[in-house]
Amino acid sequence: MKVLLTGNVAYLTTKWIRQTFSDCRVILLGETNLHSDPENGITVVSSKKNYKAVFEAYGFDVVILFSNSLTFRSEEQGEIERLHAMLDACRKNHPVKLLYLTGLSLDNAAQHEIDDAAIRMCLHMAGDAVQLQVVRSPYLYSGTVRRGWFYRLFESLDRRSHFHFEEAAGQPICFLAMDDLSELIRRMLEDWPQANGTLDVPECFDHTFRDLSKGLAELNASWSFSFEENAPISLPAPDDRKLRRQYGWFPRYSVLDDLPGLYEEYRRARPLKQSLVETLRQLIARHRKWLLLIELLVAVVLTVLCGHLSQWQVQFGLIDYRLLLIVLMGTMHGMNMGILAATAASVLLLFSYHRQGLGWLTLFYEPSNWIVFIAYYTIGAVCGYVRLLHTDKIRFTTEENERLKEKLSFAQSMLQ
């Protein structure tokens with residue numbers, strides 16, 4: 001059986017995949033840290049590929065789509081578009097079993113409306129062509145997923161030893177363990193319902209964010225917490241016991257019991273202390289525009305100093321340091337900096353003319369005086385354009401290399 005796992009697949013691990021789909025060929029499509037593992041029957045496809053191309057290449061029996069709303073406090077967009085593309089691909093390649101795992105969205109009323117609209121669209125588009133089951137699930141959690149809520153929570157606590165919950169202290173927490181989800185998926189695949197429908201995963205532990213803060217405080221006594229006491233309290237839907245009756249399944253693992261393991265996962269996954277060079281590199285990347293302006297100002301000062309110190313030396317008398325400034329800035333940083341450097345050089349030249357006693361009117365009304373300024377801007381633009389061509393060539397070569405790697409990986413996966 002071929003299984004496609006797509007969407008919000010960052011929570012999936014090799015161990016979880018093999019535990020859930022022990023005798024299946026699994027293709028993973030989405031943003032993930034996993035790599036293709038032929039020994040375990042796992043193929044990771046580039047997230048840039050569309051569903052149509054992947055379906056034509058493999059042909060699936062089961063598709064499981066993980067919604068962005070399975071991440072607590074998720075800000076990811078594009079859920080409806082992705083779901084529509086998936087349903088369209090499934091209808092053209094039926095019969096396919098499609099399991100859509102979506103979240104409760106208790107933290108966001110607007111997202112809750114979007115999720116409901118997505119479910120209605122699923123049921124409408126599936127019709128008789130797709131065997132569809134929609135499962136509303138509590139949020140997933142992991143200590144290693146960097147965009148996950150618990151990773152951000154631990155990261156904030158490590159930095160400031162304090163965390164402010166955006167929820168009230170009495171707000172129920174709704175999280176589902178990956179092992180519980182694995183068991184549910186296995187049972188559903190073994191006994192797939194005949195009719196399309198929706199299932200709700202119950203919240204069975206009745207824990208609140210106050211309980212969560214107490215559990216976290218046991219990990220580190222120096223951590224402190226505060227709550228948004230005026231926040232409204234949203235209650236999950238009561239257990240309709242449908243999953244218990246149909247599959248004999250219910251959640252067994254509480255997130256509070258998993259907190260020590262989650263924190264240990266986070267500590268192993270967090271990056272080591274950065275070196276000074278790496279810190280400087282990130283600082284430069286964050287404030288690149290300001291650093292370029294500072295670099296230009298320093299270069300202008302050095303240009304003035306070099307011109308002043310070498311004015312009495314014959315061997316340096318023929319060097320135009322202003323032109324050198326333009327060439328260096330344009331060649332190193334592109335057209336914008338080349339034009340900006342030409343402007344700075346023009347200002348320096350104007351002051352040089354002024355010191356020589358050349359009046360502003362004479363300078364303006366004598367066209368021959370414009371030639372130097374025109375040359376400065378032309379050279380700045382040409383040097384910047386050369387830099388732009390070089391950058392585009394590097395980017396094109398890099399992208400072409402990535403495409404060739406994807407084609408090679410795709411060909412290897414087809415031969416397995």
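Bear in mind that the values in this text are calculations on the coordinates, not laboratory data. Predicted model, so just to flag it, every value in this text is computed and none were measured. Using ideal geometry, Cβ is built from the backbone for each residue, glycine included, and neighbour counts are taken over all protein chains shown.
Between E155 and H354, the modelled labels are 5.0 nm apart [label points 7 Å from Cα along Cα→Cβ].
Which value at 222 nm does the chain reach when only helices count, each DSSP H run of 4 or more adding -39,500 (n - 2.57), with the total divided by all residues and rounded to the nearest 500 deg cm²/dmol?
Working: 15 runs with 223 residues, N = 416.
Dividing the helical sum by the residues of the chain leaves -17500 deg cm²/dmol.
From Cα pairs below 8 angstrom and at least 6 apart in sequence, can you work out the relative contact order of the chain, rounded to a whole percent?
12
Could you check what % of the DSSP bridge pairs in the chain are antiparallel, to the nearest 5? Provide the component values of the computation, followed by the final result.
Values: 2 of 37 bridges.
Of the beta bridges lying entirely in the chain, close to 5 percent run antiparallel.
For the set K214/K242; K49/K97; K97/K405; K92/K242; K15/K92; K289/K393, the pairs lying more than 27 angstrom apart at their alpha carbons are K214/K242; K97/K405; K92/K242; K15/K92.
Taking 0.36 nm per residue of separation and subtracting the Cα-Cα distance, full extension of the segment from N336 to Q311 would add 6.0 nm. Angle of helix 370-415 to the longest C-alpha principal axis of the chain, folded into 0 to 90 degrees and rounded to 10: 30°. Between the entries [x] 4, 15, 20, 20, 18, 13, 7, 3, 1, 0; [y] 4, 16, 21, 17, 13, 11, 9, 6, 2, 0; [z] 4, 12, 15, 17, 16, 13, 14, 9, 2, 0, the label attached to P(r) over Cα pairs in 10 Å bins from 0, in percent calculated for this structure is [y].
Expressed in nm to one decimal, what extension gain is obtained for the pair H124 and R270 from 0.36 nm per residue of sequence separation less their Cα-Cα distance? Write out the running numbers ahead of the final one.
Details: separation 146, 0.36 × 146 = 52.56 nm, distance 4.30 nm.
The span from H124 to R270 would gain 48.3 nm if fully extended.
Computed from Cα positions, the angle between helix 109-126 and the longest principal axis of the chain comes to roughly 70 degrees.
The packing ranking, built from the mean of other Cβ atoms within 10 Å per residue, places the peptides 30-43, 204-217, 172-185 in the order 172-185, 204-217, 30-43, highest first. Close amide-amide hydrogen proximity is noted between V44 and L28, S36, D37, each under 5 Å apart and 5 or more residues distant or on a separate chain (H modeled in the peptide plane; Pro and chain starts excluded). When peptides 238-250, 7-19 are sorted by average Cβ neighbour count within 10 Å, with the highest value leading, the order is 7-19, 238-250. Backbone phi angles across segment 181-198, fed through the Karplus curve with coefficients 6.51, -1.76 and 1.60 (θ = phi - 60°), yield HN-Hα couplings of 4, 4, 5, 5, 4, 4, 5, 5, 5, 6, 9, 6, x, 6, 9, 5, x, 10 Hz in residue order; Gly and Pro are listed as x.
What is the angle, in °, between the Cα long axis of helix 276-286 and the longest principal axis of the Cα atoms in the chain? Nearest 10 is fine, range 0 to 90. Computed tilt is about 90 degrees. If you wrap the tightest convex hull around every Cα atom of segment 276-415 and split its volume per residue, you get 169 Å³. Once the Cβ-Cβ distance of Q19 and S226 is raised to the sixth power relative to R0 = 45 Å, the FRET efficiency obtained is 0.75. A cut-off of 5 Å between modelled amide H atoms, ignoring neighbours fewer than 5 places along the same chain, links V9 with E31.
The simple spin-label model puts a point 7 Å past each Cα toward its Cβ; for T398 and H164 those points are separated by 3.8 nm.
So, R0 is 22 Å and r is the distance between the beta-carbons of R91 and A57; what FRET efficiency does that work out to, to 0.05?
Numbers: r = 18 Å, r/R0 = 0.81.
Once the sixth-power term is evaluated, E becomes 0.80.
Can you check what the net charge comes to around M121, using other residues whose Cβ is under 14 Å from the Cβ of M121 (Lys, Arg +1; Asp, Glu -1)?
Spelling it out: positives minus negatives among the neighbours equals -3.
At R0 = 22 Å, how high is the FRET efficiency between L235 and T198 if r is their beta carbon distance? Nearest 0.05 is fine.
Values: r = 19 Å, r/R0 = 0.86.
Once the sixth-power term is evaluated, E becomes 0.70.
Note on E190 and L302: their simple-model spin labels are 7.1 nm apart, each label 7 Å out from Cα toward Cβ.
Overall, the chain carries a charge dipole of about 1260 debye about its Cα centre when +1 sits on the Cβ of Lys and Arg and -1 on the Cβ of Asp and Glu, all other atoms neutral.
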